[in-house]
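J.: Before anything else, here's the structure in question.
Read the figures in this text as sums done on the coordinates, not as results from a lab. Just so we're clear, the structure is a prediction, and the values are computed from it rather than from any experiment. All Cβ positions, even for glycine, are placed from backbone atoms using ideal geometry, and neighbour counts span all protein chains on display.
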Amino acid sequence: MRDVAVIGVGLTKFGELWDKSFRQLTAEAGSKAIFDAGIEGKEIDAMYVGSMSSGRFVGQEHVGALVADASGFSHVHIPSTRVEGACASGGLAVREGYLSIASGMNDVVVVGGIEKMNDVGGNAATETLATAADQEWEAFFGATFPGLYAMIATRHMHDYGTTKEQLAQVAVKNHANGALNPYAQYQREIKLETVLNATAVAYPLGLFDCSPVTDGAASIVLCAADKAKEYTDKAVKIIASGQASDTLSLHGRRDICTLDSTVYAAKMAYKQANLTPRDIDLAEVHDCFTIAEICAIEDLGFVEKGQGGKAVENKITTLDGSLPVNTSGGLKSKGHPVGATGVAQIVEIALQLRGDAEKRQVNDAKIGLAHNVGGSGATCTVHIMEAV
Amino acid sequence: MAEGGVARFWREIPQRYNLIGNKCGSCGRVFFPPRESCPYCRRKSIGKMKELKLSGKGEIVTYTIIHAGPENFKEQVPYPIAIIELEEGPRLTAQIVDCDIDDVKIGMKVKSTFRRIQEDGYTGAIYYGYKFKPLK
């Protein structure tokens, strides 16, 4: 296995981007990453693209080829593959790119993630997201996607005394971070009362416990670590890549409050990196709902099971806390263009480890972790990165 | 949700109308919906999975109240959805009916009841299946 480095990153603005098409977004993020890396098109060996549901959001499948075409690489015939794992599509694309370089097959790979969600109405967007759940045995009976995470929250509150205020504090913290991120969908702070008094979506979750519907794309350039110096002096290493699966339905899991896919993907990544959760300086975790961030910091081993709510309350995970989580604003405030999210998390960790995170820079950040979840926890990727 | 045509719903009728699951002939674990093989015994279970009608009695493991529902459920909101552990072991997801929303609790004993689940607009198919009500 060869070491792999991130040598370039690119993001579009996240938000309701009415004037930007699917192909414009993907080309914009890709070209930013390529310019950042200082590579030329002819040096790219392969492309991997994460997209959850382009077919339902914009009526377009076959987006591996589309992205290569839109980026101007159809005439040089670069192999381009679309990867899908619901909201973890981006994380899976990163891992495929990583594996293809680690294996020795490729030297330079561009990884993209894209979702254009606002070309359909709110109902269609919600029902498309629900396709990440089990259609026959969850959605058919009226379970919504927020409803599944709400059931995790209800049980977490029952078992561990987690409160709605603690859930709300996740949203407040992530909006405070997002206010410092020029690419975030919502660049403003919110009050605890706003979260607590928001319209109910699925008890105990309200509107401000949920990540939004977002258009956006993210891209990174990966390179064999021993060749990274040829292109840039800002390389960041990916020192571990973990992935795990679990039952498609929430009711099939061993424990409602634990995402075993996170536990196992993290175990795989910590083992490869020869690190423990204590060695992590900052993390981007999959906060599609506030309860998801609380479960994530527990299942990644940062705090004991059941202590996630208290950790948030005690401000351990704020920008100046002992373990800053979701410095980008997370899915909640930065926005959640589902296929782009897993790639955008790598972008944020890379910026932090390079010292390029501007107003939200974490001091002395050396090791960062990115955690991307598909569905209610059926797929998970964990990547660990190190400053060079 | 109605994508795939009538056959997609027709083929699930035994499970959704009568709670037909199956049991592994190797380890004795019970599954709902029925599985092609047992995930614990895998190859040892092939050809040994036996159909089993479940009692429909169980207990609420967790729940939510859906306020923002999908198109086919708009007229039903707010409605409770729960994960129920059946007395034979398997868990499933279903609506809770015939009680006040505020009475739904973790640990509540429930039993299955045959109900209309959703309908495809004014002229489309009506889909039936299980919901659960308090066991009194």
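J.: For B:Leu52, what residues show an amide H to amide H distance below 5 Å, using hydrogens built from the backbone and excluding near sequence neighbours?
T.: Result for B:Leu52 returns B:Gly21, B:Asn22, B:Lys23.
J.: Taking the Cα centre of region B:55-130 as origin and charging only Cβ (+1 Lys, Arg; -1 Asp, Glu), how large is the dipole, in debye to the nearest 20?
T.: On the way: 8 positive and 12 negative charges, 27 e Å.
Roughly 140 debye, rounded to the nearest 20.
J.: Now for a different question. Can you put B:Thr62, A:Thr262, B:Thr113 in order of Cβ neighbours within 10 angstrom, beginning with the fewest? It would help to have the intermediate numbers written out before the result.
T.: On the way: B:Thr62 25, A:Thr262 28, B:Thr113 14.
Ordered by Cβ neighbours within 10 Å, fewest first: B:Thr113, B:Thr62, A:Thr262.
J.: Among A:Ala102, A:Ile256, A:Asn372, pick out the residue whose Cα is farthest towards the positive end of the charge dipole of the protein assembly as shown, where Lys and Arg carry +1 and Asp and Glu carry -1 on C-beta, about the Cα centre.
T.: A:Ile256
J.: How big is chain B by Rg and Dmax over its Cα atoms, in Å?
T.: Rg then Dmax for chain B, in Å: 16.2, 48.
J.: So what's the back-of-envelope 222 nm ellipticity for chain A, counting only DSSP H runs of four-plus at -39500 (n - 2.57) apiece and dividing by all residues, rounded to 500?
T.: Numbers: 13 runs with 138 residues, N = 388.
Roughly -10500 deg cm²/dmol at 222 nm, from the helical runs in chain A.
J.: Let me ask something else. Grab the Cα-Cα distance for B:Lys74 and B:Lys133, subtract it from 0.36 nm times how many residues apart they are, and report the gain in nm with one decimal. The partial results should precede the final answer.
T.: Details: separation 59, 0.36 × 59 = 21.24 nm, distance 2.07 nm.
Contour length minus the Cα-Cα distance gives 19.2 nm.
J.: About the Cα centre of region A:143-237, what is the dipole size in debye to 20, counting +1 per Lys and Arg Cβ and -1 per Asp and Glu Cβ, all else neutral?
T.: Working: 9 positive and 9 negative charges, 27 e Å.
About 140 debye.
J.: Search the structure for amide H atoms under 5 Å from the amide H of B:His67, placed 1.01 Å from N in the peptide plane, and list their residues when 5 or more places away or on another chain.
T.: Answer set, sorted by chain and number: A:Ala202, A:Tyr203.
J.: I'd like the Karplus ³J(HN,Hα) series for region B:120-128: coefficients 6.51, -1.76, 1.60, θ = phi - 60°, whole numbers in Hz, and an x wherever there's a Gly or Pro.
T.: Calculated HN-Hα couplings, in order: 8, x, 7, 10, x, 5, 9, 9, 10 Hz.
J.: What are the residues whose amide H is under 5 Å from the amide H of A:Ala86, where those residues sit 5 or more places off or on another chain and H is modelled from the backbone?
T.: Residues meeting the criterion, in which the H sits 1.01 Å from N, do not exist here.
J.: Here's another thing I want to ask about it. Quickly estimate the mean residue ellipticity at 222 nm for chain B, helices only: each DSSP H run with n ≥ 4 gives -39500 (n - 2.57), and the total goes over all residues, rounded to 500. The partial results should precede the final answer.
T.: Numbers: 2 runs with 11 residues, N = 136.
Theoretical 222 nm ellipticity from helices: -1500 deg cm²/dmol.
J.: Quick one: order A:Arg23, A:Arg2 by neighbouring beta-carbon count within 10 Å, fewest to most. Don't skip to the answer; put the middle values down first.
T.: Details: A:Arg23 19, A:Arg2 12.
Least to most surrounded, the residues fall as A:Arg2, A:Arg23.
J.: Another question, then. Based on the Cα gyration tensor of region A:1-143, what are the three equivalent ellipsoid semi-axes, each the root of five times an eigenvalue, rounded to whole Å and given largest first?
T.: Details: eigenvalues 165, 66, 30 Å².
Equivalent-ellipsoid dimensions as semi-axes: 29, 18, 12 Å.
J.: Which value, in nm² and rounded to one decimal, describes the direction-averaged projected area of the C-alpha convex hull of region B:55-130? Each step should come with its number before you reach the end.
T.: Values: hull surface 20.8 nm².
Convex hull of Cα atoms, orientation-averaged projection: 5.2 nm².
J.: A further question follows. Can you work out the FRET efficiency for the pair A:Ala65 and B:Cys99, with r the C-beta to C-beta distance and R0 = 60 Å, to the nearest 0.05? Don't skip to the answer; put the middle values down first.
T.: Working: r = 53 Å, r/R0 = 0.89.
In this case the efficiency is close to 0.65.
J.: Give me a comma-separated list of calculated 3J(HN,Hα) values for region B:47-53, in order, Karplus coefficients 6.51, -1.76, 1.60 applied at θ = phi - 60°, integers in Hz, x for any Gly or Pro.
T.: x, 10, 7, 10, 4, 8, 7
J.: Further, regarding this structure: Roughly speaking, what is the centre-to-centre gap between region A:254-295 and region B:77-136 when only Cα atoms are used, to the nearest Å?
T.: Distance between centres, Cα-based: 33 Å.
J.: At R0 = 60 Å, how high is the FRET efficiency between B:Arg115 and A:Gln361 if r is their beta carbon distance? Nearest 0.05 is fine. Before the final figure, lay out the partial values.
T.: Working: r = 56 Å, r/R0 = 0.93.
According to the calculation, E is roughly 0.60.
J.: Moving on. What span do the alpha-carbon atoms of region A:173-273 cover on each of the three principal axes, reported in whole Å from largest to smallest?
T.: Dimensions of region A:173-273 along the principal axes of its Cα atoms: 53, 40, 22 Å.
J.: With point charges of +1 on the Cβ of Lys and Arg and -1 on the Cβ of Asp and Glu, referenced to the Cα centre of region B:19-84, which listed residue (B:Tyr79, B:Ile20, B:Tyr63) lies farthest in the positive direction of the dipole?
T.: Towards the positive end, the residue furthest out is B:Ile20.
J.: Which whole-angstrom value gives the distance between the alpha carbon centres of region A:303-373 and region A:99-154?
T.: Each part reduced to its Cα centre gives a spacing of 20 Å.
J.: Could you tell me which of A:Tyr149, A:Asn118, A:Gly38 has its Cα farthest along the dipole of chain A towards the positive end, charges placed at Cβ (Lys, Arg +1; Asp, Glu -1), taken about the Cα centre?
T.: So the residue we want is A:Gly38.
J.: Could you check which residue among B:Lys53, B:Lys44, B:Lys109 shows the biggest mean-square fluctuation in a GNM of chain B with a 10 Å Cα cutoff?
T.: In the Gaussian network model the winner is B:Lys44.
J.: How large is ³J(HN,Hα) for each residue in region A:285-302, as worked out from phi by the Karplus curve 6.51 cos²θ - 1.76 cosθ + 1.60 (θ = phi - 60°), to whole Hz, x for Gly and Pro?
T.: Once θ is set to phi - 60°, the couplings for region A:285-302 become 10, 7, 9, 4, 9, 4, 4, 5, 5, 5, 5, 4, 5, 6, 6, 7, x, 6 Hz.
J.: If you don't mind, there's one more thing I want to ask. Explain nothing, just the number: dipole magnitude of chain A about its Cα centre with +1 on each Lys and Arg Cβ and -1 on each Asp and Glu Cβ, in debye rounded to the nearest 20.
T.: Values: 33 positive and 46 negative charges, 72 e Å.
Charge dipole, chain A, about its Cα centre: 340 debye, nearest 20.
J.: Still on this structure: Have a look at the DSSP beta bridges in the protein assembly as shown and tell me what percent are antiparallel, nearest 5. Working shown, then result.
T.: Details: 73 of 88 bridges.
Antiparallel bridges make up about 85 percent of those DSSP assigns within the protein assembly as shown.
J.: Test of understanding: ordering A:Tyr48, A:Tyr149, B:Tyr130 by Cβ neighbours within 10 Å, fewest first, what list do you get? Don't jump to the answer; show the numbers that get you there.
T.: Numbers: A:Tyr48 28, A:Tyr149 25, B:Tyr130 22.
The most exposed by this proxy come first: B:Tyr130, A:Tyr149, A:Tyr48.
J.: So what is Rg over Rh here for chain A, counting just Cα atoms and using Kirkwood for Rh? Show your work: numbers first, answer last.
T.: Working: Rg = 19.0 Å, Rh = 20.1 Å.
Radius of gyration over Kirkwood radius for chain A works out to 0.94.
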